[in-house]
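Below is one structure; the comments refer to it alone.
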Amino acid sequence: RGPEVEYSVRLFPFGGFVAFPESSERSDSKYAEDDAGLLRNRPISDRLLVISAGVLANFVLAFGILWGQSVNSGLEMTTYGPGVRVPELSSTSSVARRAGLREGDVITSIGGFDLARGERAVDKVVKTVRANPDRDIEVVVKRGNDGAGDGSAAAQVVNVVVRPEKLDDGSGRIGIQLTPNAETNKVCTMPDRIMGWRAATG
């Protein structure tokens with residue numbers, strides 16, 4: 001505000017810095033102790049506004065970045081389905097592979113128990129396998145594509161019996177990697193909506 005504020009522009013404008021006038025406690029200060037321009041002499045509302053301005057600016061900047069990303073490139077949305085996905089079998093001679101499990105299978109039931117969604121389903125499979133060494137476990141898997149409308153084969157339900165091998169600590173293992181049964185889709189972006197609106201009104 002006129003001569004009361006000094007500005008400077010840097011060659012590399014990384015970050016910002018704000019300094020307030022010093023009081024007369026310093027020998028070289030040109031401000032009186034009761035100067036109304038000193039921050040500590042301002043009303044509480046003014047001081048709160050000054051102190052919170054930087055924080056609020058960061059929030060506004062972060063919101064603007066996220067909003068811009070969602071408008072232009074879209075946001076990813078993860079949907080969890082029941083069961084556990086098998087992304088990989090640990091070896092060519094693993095118990096799971098010999099029993100007939102394949103990469104991409106979705107285990108929907110194990111030992112007669114239908115699996116829930118998310119990490120709870122993964123924990124259930126792991127605990128069941130570890131607790132049943134050298135015992136047959138019936139596993140129901142879904143194999144193939146749910147949406148057969150894209151020309152691929154429709155999903156089929158396959159029953160598999162696995163017998164976990166016994167480890168030195170007495171637990172069972174079938175040589176399999178597990179992840180939650182999740183699909184990630186991108187939410188429709190603003191340009192997509194505009195193009196759809198133009199096509200509909202076209």
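The values are calculated or read from the model by the stated rules, or taken from the named source; none is laboratory data. Being a predicted model, the structure only gives us computed values, none of them experimental. A quick note on method: Cβ atoms are made from the backbone with ideal geometry, for glycine too, and the neighbour counts reach across all protein chains shown. Accessible surface areas use protein heavy atoms only, side chains included; no ligands, DNA or RNA. Shrake-Rupley method; radii C 1.70, N 1.55, O 1.52, S 1.80 Å.
Only one of the numbered conditions (1) under 30 Å from LEU178 (Cα atoms); (2) open to solvent by 100 Å² or more (accessible area, probe 1.4 Å); (3) at pLDDT 75 or above is violated by LEU49, and that is (1).
Conditions (1) in contact with a Pro (Cβ under 8 Å, 6 or more places away or on another chain); (2) surrounded by 13 or more Cβ atoms within 10 Å (Cβ to Cβ); (3) at pLDDT 95 or above, marked per residue:
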residue: GLY118; (1), (2), (3): yes, yes, no
residue: ASP136; (1), (2), (3): no, no, yes
residue: ASN145; (1), (2), (3): no, yes, no
residue: GLY149; (1), (2), (3): no, no, no
residue: SER152; (1), (2), (3): no, no, no
residue: PRO180; (1), (2), (3): no, yes, no
residue: CYS188; (1), (2), (3): no, no, no
residue: ILE194; (1), (2), (3): no, no, no
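Filtering LEU39, LEU75, LEU101, LEU89 for residues that are under 27 Å from ASN181 (Cβ atoms), at pLDDT below 85 and open to solvent by less than 100 Å² (accessible area, probe 1.4 Å) leaves a single hit, LEU75.
Within segment 56-72, the set of residues being open to solvent by 80 Å² or more (accessible area, probe 1.4 Å) and modelled with pLDDT of 80 or more comprises LEU56, ASN58, PHE59, VAL60, LEU61, PHE63, ILE65.
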